[in-house]
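Every number here is computed from the coordinates shown, using simple stated rules; none is lab data. What you see is a predicted model; the values in this text were computed from it and never measured. Here the Cβ is made from the backbone with ideal geometry for all residues, glycine too, and neighbour counts use every protein chain on show.
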Amino acid sequence: MKRPEPEQLMTPAMRSVVSAMARATRPPFYSMTPRQARATYEIGAGVLELPVRALPKVQDFTLSVRDGNSLAARLYVPREPTQKLGGWPTLLYFHGGGFTIGSINSHDVLCRELSHGADCAVVSVNYRLAPEHKFPTAANDAWDALLGLVAMADTLGLDVSRLAVGGDSAGGTLAAVCAVLARDAGLPLVLQLLIYPGCAAHQDTRSHHTFAHGFVLDEPSITWFFNQYIRTPADRDDWRFSPLNAPDVDGVAPAWLGLAECDPLVDEGLLYADKLRAAGVAVDLEIYRGVTHEFIKMGRAIPEALQAQADAAQALRQAFDK
């Protein structure tokens, strides 16, 4: 039986979105300066998202990092507390964007939905971006943000005994790194929520070849993002860039992985799920068929985005209730 062409794997709704993107003839990120790419991404980030959900508390604050700088952060609280039984269970969230673009603003709608759906606090962090801040700055910022959040938990009304990390794409990479560092530091996490995370050192899996062009995230863009971030090619093999290269993942937090079938990163996500399972880590793996990278932020157009948001929220609820 003949294998379907890669384009035929996409759902009709996903094909419609991809076609609309092609008709828009937006210059690719790799043809822009990083500053231009950030501005372009911010403008388009909310086009396919759900309307902004009102929450009773959305608070901007800062988290200090090791070199004396501060990171912008945003706290989301889903409802007014009905009783005083300690702080909120909390998800620390890292946005995607190839370590080069994205912000707490570009992922505001998604964080609101996760806070509402999981009935938890969400803290989103503006880690520093490349090329101004090369590897391993983003990884260091992510870990420092986690430690800073723990230190500020009482002030913010958070329960550090029910703490999860999560992120999409490059943010998923950072969450996976934090899960390993938290294990090493003896900091218990209840879950690592990994949405199509980058996990591998090189773009050499079958899915990188199959979905190299025409599926939202293309090979030239991935190469451009990574070249902004790394200092030398050797950085790619550092486990903080490629969690698949971590010496071991025994004892890290349980994982929920949400992957997109038509995504260059899907195979490395599967490989990371296998690595975690082989180490005895509990893994809940969901592969959303017929959709591409970035789909979870397309709730207006892609039904699978709503399902993935609901699944992620349910995974958080279950982890916080244990």
Original post:
How big is the chain in terms of Cα radius of gyration and Dmax, in angstroms?
Top reply: 18.4, 61
Original post:
Which value, in debye to the nearest 20, describes the size of the charge dipole of the stretch 6-321 about its Cα centre when Lys and Arg Cβ atoms bear +1, Asp and Glu Cβ atoms bear -1, and nothing else is charged?
Top reply: 660 debye
Subject >> Distance in nm between pseudo-label sites at Asn245 and Ser16 (7 Å out along the Cβ direction from Cα) >> reply: 4.3 nm
**OP:** Could you point to the residue in Val249, Met298, Thr173 farthest towards the positive end of the chain's charge dipole, with +1 and -1 charges on the Cβ of Lys/Arg and Asp/Glu respectively?
**Re:** Met298
Subject >> Amide hydrogen neighbours beyond the local backbone of Leu91, cut-off 5 Å, H modeled >> reply: Ala121, Val122, Val123, Ala164
Original post:
What is the packing order of peptides 158-166, 61-69, taking the mean over residues of other C-beta atoms within 10 Å and listing the highest first?
Top reply: 158-166, 61-69
**OP:** Give me the distance in nm between label points sitting 7 Å out from Cα along the Cα-to-Cβ direction at Glu80 and Gln318, one decimal.
**Re:** 3.3 nm
Original post:
Which value in deg cm²/dmol, rounded to the nearest 500, describes the helix-derived mean residue ellipticity at 222 nm for the chain, given -39,500 (n - 2.57) per DSSP H run of n ≥ 4 and division by the residue count?
Top reply: -12000 deg cm²/dmol
Original post:
What order, most packed first, do the peptides 300-308, 19-27, 6-14 have when packing is the mean number of other Cβ atoms within 10 Å of each residue?
Top reply: 300-308, 6-14, 19-27
Original post:
Dividing the convex hull volume of the Cα atoms of the stretch 65-198 by its residue count, what figure in Å³ per residue is obtained?
Top reply: 101 Å³
Original post:
Considering every pair of different Cα atoms, what Kirkwood radius, in Å, is found for the stretch 179-322?
Top reply: 16.0 Å
Original post:
What share of the DSSP beta bridges in the stretch 194-318 is antiparallel, in percent to the nearest 5?
Top reply: 0 percent
Subject >> Cα-projected label distance for Glu42 with Arg289, points at 7 Å along beta-carbon direction, nm >> reply: 4.0 nm
Subject >> More than 16 angstrom apart: percent of Cα pairs within the stretch 40-125 >> reply: 56 percent
Subject >> Difference of contour (0.36 nm per residue) and Cα-Cα distance, Asp237 to Leu55 >> reply: 61.4 nm
Subject >> All Cα pairs of the stretch 243-285, percent lying beyond 17 Å >> reply: 26 percent
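Between Asp67 and Ala212, what length in nm is gained on full extension when 0.36 nm per residue of separation is reduced by their alpha carbon distance?
Once the chain is fully extended between Asp67 and Ala212, it gains 48.4 nm.
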Original post:
Based on DSSP, what percent of beta bridges with both residues in the stretch 6-321 are antiparallel, to the nearest 5?
Top reply: 30 percent
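Kirkwood hydrodynamic radius, the stretch 176-251, all distinct C-alpha pairs: what's the number in Å?
14.0 Å
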